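Notes for the one structure printed next.
The values are calculated or read from the model by the stated rules, or taken from the named source; none is laboratory data. Values in this document were obtained by computation on a predicted structure and should not be read as measured data. Here the Cβ positions follow ideal geometry from the backbone for every residue, glycine too, while neighbour counts run over all protein chains shown.
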Amino acid sequence: MKKEISRRAFVKRGSMALAAGSILLSTSAKSYSNILGSNDAINIAIIGVRIRGTNHITDFAKVKNVRIKYLVDIDENLFEKGLTHTEKVAGYRPETATDMRTVFDDKDIDAVSIATPNHWHALSTIWAAQAGKHVFVEKPSSHNIWEGRKMIEAARKYNVLVQVGFQNRSILNTNKAIKFIRDGKLGDVYLTRGLCFKPRPSIGSYPDGPMKEGEKFRINLEKKSYEPPYTKEYLSKVDYDMWLGPAPESPFNRNRFHYNWHWNWAYGNGDTGNQGPHQFDVARWALGKDDLPIKVSSHGGYFVYKSAQETPNTQTSVFEYEDGKILEFSTRGLFTNPEGIQASGVKPLKIGTLIFGSEGWMQIDGGGNWQTFFGRKSEAGPTSGEQDDSYDPLDLAGGGSSEIFNNFINAVQSGKRSDLSCDIETGHLSTILPLMADISYKVGRDLKLDGKQESFIDDAEANKLLTRDYREGYVVPENV
């Protein structure tokens, strides 16, 4: 049976964190709220309140001494549902705003939680840092590689904490898996393989502009669910210019808006950069790599359907490190088999990570549950459920995926970057991998990487894709 740790034990572990480079952040004129006592109330704003933002509301409402002061979204149609949900889980109704800069200007706001589309992650984080706000930002930490480095620079310059939403860093079972690997029980780990097998339906093709009255837009064929009717009346309550933000000017299209933005390169990164970053993070962590690979190869395509989707639904990516070790990643958006073995209640994986060592191998599912196998016959070995809590995990870890929100608030209260389970630099290193894979896919060839410069060697076309042209008023600055 899975053994949870108490909040008291969790906080104690936070004070004993083993992360390298521990830095106690000092208060500065540019960041007026860095150091907060453990009993101080934390005022937070949730930016982006639709699907993942609703999860943020739920999880932050559970954290002691946190008050959600604002819900922020460019779509006013979402506010009533968000307010009702907040009232249900927190007991009060926050203020609302359509422009995130409203909360950056509010001196009472200590931190913001960003659940926007990917193309907004970097700029909203940088604006928040410049205003002295701590930041929780969803994965992938950035939409492109260059702006991810700017996020790190902003966090350091303005002495704010920036946590990336890689939940596995705060899941106790995943930490146990890494500890098992670090103790050498799989031998020399030479290969890790991340899996993102999520069957996705066709998104179809639709004309630009609002929908007609009574027209329906089906987004999930399996669940027979529909998006809201994006009529002129609906769009009158949407700040579409703000939604575009750093992305190029483009007319409204239902396939470039709520959720389906994932499948358009201007705003999303496909499933390799959507679900994929979680498993990329575990694969990199298990391989023990805090540097970047020297080669990347990614190939695939968009098969079966004809639709407006730009990103591939089938993609295979391979990364080679300087010592020859390999990280593989497989994205399959059509019907497919799982990988791994059924044993001790752990099922073969569709979302998860496989780790291969000289003595045995391990499979970890998306929730952190794991099973090991040894010998030529892959005989079942230790599992996550059999490991005790007699040791502290490598990083701050609690009972489940929501613990990362507790971790963020504990770090804000302590003012210690080392208390974060996934600081922006760690998140950036894992985010870079799917972004590099997508660049290799776009240019259609293998690429060699200069890890120190975070660029590609002798490839102008690939290097152009490290960043983007930003729209006036929404530019990620060279000098943050």
Count, please, the residues in the range 318-347 that happen to be farther than 20 Å from I171 by Cβ and part of a loop (DSSP other than H, G, I, E, B).
13
Top-ranked residue of the range 284-333 - restricted to ones that are buried (at least 18 other Cβ atoms within 10 Å of the Cβ) and of a type in the set (K, R), ranked as farthest from G204 (Cα to Cα):
K289
In the set G415, G473, which member is more than 19 Å from the chain's Cα centre (by Cα), assigned by TED's automatic domain parsing to the domain that holds A129 and modelled with pLDDT of 95 or more?
G415
Scanning the range 128-151 for residues that are outside any loop (DSSP other than H, G, I, E, B) and either over 10 Å from V480 (Cα atoms) or over 18 Å from the mean Cα position of the chain (by Cα) (or both) gives A128, A129, Q130, H134, V135, F136, V137, I145, W146, E147, G148, R149
From (1) touching a helix residue (DSSP H, G or I) at 6+ places or on another chain (Cβ under 7 Å); (2) free of Cβ contacts under 8 Å to residues at least 24 places away in the same chain, pick out the condition that doesn't hold for K176.
(2)
Taking only the range 166-192 into account, find how many residues are surrounded by 22 or more Cβ atoms within 10 Å (Cβ to Cβ) and charged (D, E, K, R).
2
Select from the range 152-165 the residues that are outside any loop (DSSP other than H, G, I, E, B), buried (at least 24 other Cβ atoms within 10 Å of the Cβ) and not small (G, A, S) and list them in ascending order.
V162, Q163, V164
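Any residue at all in the range 436-447 that is aromatic (F, W, Y), in contact with a Leu (Cβ under 9 Å, 6 or more places away or on another chain) and surrounded by 14 or more Cβ atoms within 10 Å (Cβ to Cβ)?
Applying the first criterion (aromatic (F, W, Y)) to the range 436-447 yields 441.
After this cut, where a residue has to be in contact with a Leu (Cβ under 9 Å, 6 or more places away or on another chain) as well, the list is none.
Within the range 436-447, not a single residue is aromatic (F, W, Y), in contact with a Leu (Cβ under 9 Å, 6 or more places away or on another chain) and surrounded by 14 or more Cβ atoms within 10 Å (Cβ to Cβ).
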